[in-house]
1. Would you check if residue 315 is outside the structural domain of residue 63 (by TED's automatic domain parsing) and part of a helix (DSSP H, G or I)?
2. Looking only at the stretch 85-100, decide whether some residue is modelled with pLDDT under 95, under 25 Å from the mean Cα position of the chain (by Cα) and not in a helix (DSSP H, G or I).
3. Can you spot a residue in the stretch 310-319 that is surrounded by 14 or more Cβ atoms within 10 Å (Cβ to Cβ), within 22 Å of residue 227 (Cβ to Cβ), modelled with pLDDT of 95 or more and not polar (S, T, N, Q)?
4. Look through the stretch 355-375, keep the residues that are touching a residue at least 40 places away in the same chain (Cβ under 8 Å) and either in contact with a His (Cβ under 6 Å, 6 or more places away or on another chain) or assigned to a helix (DSSP H, G or I) (or both), and return whichever of them is surrounded by the most Cβ atoms within 10 Å (Cβ to Cβ).
5. So, in the stretch 139-165, how many residues would count as being surrounded by fewer than 22 Cβ atoms within 10 Å (Cβ to Cβ) and either in contact with an Asp or Glu (Cβ under 7 Å, 6 or more places away or on another chain) or of a type in the set (Val, Ile, Thr) (or both)?
6. Residue under question is residue 44, and the condition is that it be surrounded by fewer than 18 Cβ atoms within 10 Å (Cβ to Cβ), under 25 Å from residue 138 (Cα atoms) and under 24 Å from the mean Cα position of the chain (by Cα); does it hold?
7. Please indicate, with yes or no, whether at least one residue in the stretch 266-284 is at pLDDT 95 or above, under 28 Å from the mean Cα position of the chain (by Cα) and not assigned by TED's automatic domain parsing to the domain that holds residue 60.
8. Identify, from the list 338, 247, 330, the residue that is polar (S, T, N, Q) and over 30 Å from residue 362 (Cβ atoms).
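The values are calculated or read from the model by the stated rules, or taken from the named source; none is laboratory data. A quick note: this is a predicted structure, and the numbers were derived from the prediction, not measured. Cβ: placed from backbone, ideal geometry, glycine included. Neighbour counts: every protein chain shown.
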Amino acid sequence: MSGPLASLKVLDFSTLLPGPFASLMLADMGAEVLRIESPTRMDLLRVLPPHDRGTSAGHAYLNRNKRSLALDLKQPEALEIVRALVTGYDIVLEQFRPGVMERLGLGYEALKAINPRLIYVSITGYGQTGPYKDRAGHDINYLALAGLASHTGRQGSGPLPLGVQLADVGGGSLHAVVGLLAAVIARQQSGVGQYLDVSMTDCSFSLNAMAGAGYLACGVEPGWEKHALNGGSFYDYYRSRDGRWMSVGSLEPAFMQQLCMALGRPELAAWGLDPERQPALKQALQVEFETRSFDELCVLFAELDACVEPVLSFAEAAEHPQLKARELVSQVPRGDGSTQAQLACPLKFSEGLPAPRHMGVAVGAHSDEVLAQLGLSAQRIAELRHAKVVG
């Protein structure tokens, strides 16, 4: 089983989360991914806790199924190796600030001259153009500038720091994969590749889907707890008697009726679609939820199709029967005969996906192998190692 992307070969120059998550998706679907890493400037993800047997769990997950070639790109010999690789690889993924790859002589125009079919993807915080293109940033900054934080939070406490990196993954990684695969389809027709400029801020801005559409077309400015889906209605979280939480998404009348019947307050169902009664409805629902324990509420709604579900810890979610049935945890080989539990690829193909081959490897773990495949002799590889061109 080779996977639907087995024909793609990717040179991945990215670090941390956005690029590696994108190339993880490609590798899980069968693409051959070769990471180009610095032998002296470590990807900080490698030291991010927690650690399993001395290895960062995050790195082991995000870099599974990928090979690693350690090159010092400041040395001419290393650049020649990259140019040689580009003749056999058809996708480049990079995450440096704008202009870095060009200064190295590895920009799109330079590499396209070697391989016209090359698809070149750059993921940055703000894109390749505009006044912020050279500005530093992180996930929280991109969400702030994209307007998402202005309507994700509570009026009394302000914006919420999310538990997931929405701009990095939802903005950068997923959009990069979609754009890259679209470019692959276009190449099948034209025979030539193209350059893809992915800005995490741009993509985060587009995630304003409902709220943004309302403002641009109607001038309705979103704000904290101002519309139906961000806390401005009964669609919200409710605390149980013992301090845990339940999610209520009973927007449709049929679901609302089941919710209110289960709580012994059928008269509240008529309030669900009345904007003026939302504060009173939320207060009434909170009172009812707080009379019951979390376990009691789980039992109460387990057999009802009312769009009410418990807020689970990650440990509980991993053991939930629905997620277990979907096989969302995979056992990935470490290389010593044992395995590490990791998040599985969530995509389900009728012809299946290849089994995970290995978790993230040490810097340069495949350097000798890759260089030998390029035709370099053992003596030449040793010379490059001695000169610290290769790690």
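1. Yes.
2. Within the stretch 85-100 (the criterion being modelled with pLDDT under 95, under 25 Å from the mean Cα position of the chain (by Cα) and not in a helix (DSSP H, G or I)), the answer is yes, since at least one residue qualifies.
3. Taking every residue of the stretch 310-319 in turn, at least one turns out to be surrounded by 14 or more Cβ atoms within 10 Å (Cβ to Cβ), within 22 Å of residue 227 (Cβ to Cβ), modelled with pLDDT of 95 or more and not polar (S, T, N, Q).
4. Among them, the one singled out is 360.
5. Counting residues in the stretch 139-165 that are surrounded by fewer than 22 Cβ atoms within 10 Å (Cβ to Cβ) and either in contact with an Asp or Glu (Cβ under 7 Å, 6 or more places away or on another chain) or of a type in the set (Val, Ile, Thr) (or both) gives 6.
6. Spelling it out, residue 44 is indeed surrounded by fewer than 18 Cβ atoms within 10 Å (Cβ to Cβ), under 25 Å from residue 138 (Cα atoms) and under 24 Å from the mean Cα position of the chain (by Cα).
7. Scanning the stretch 266-284, I find no residue that is at pLDDT 95 or above, under 28 Å from the mean Cα position of the chain (by Cα) and not assigned by TED's automatic domain parsing to the domain that holds residue 60, so the answer is no.
8. Result: 247 is the single residue among 338, 247, 330 that is polar (S, T, N, Q) and over 30 Å from residue 362 (Cβ atoms).
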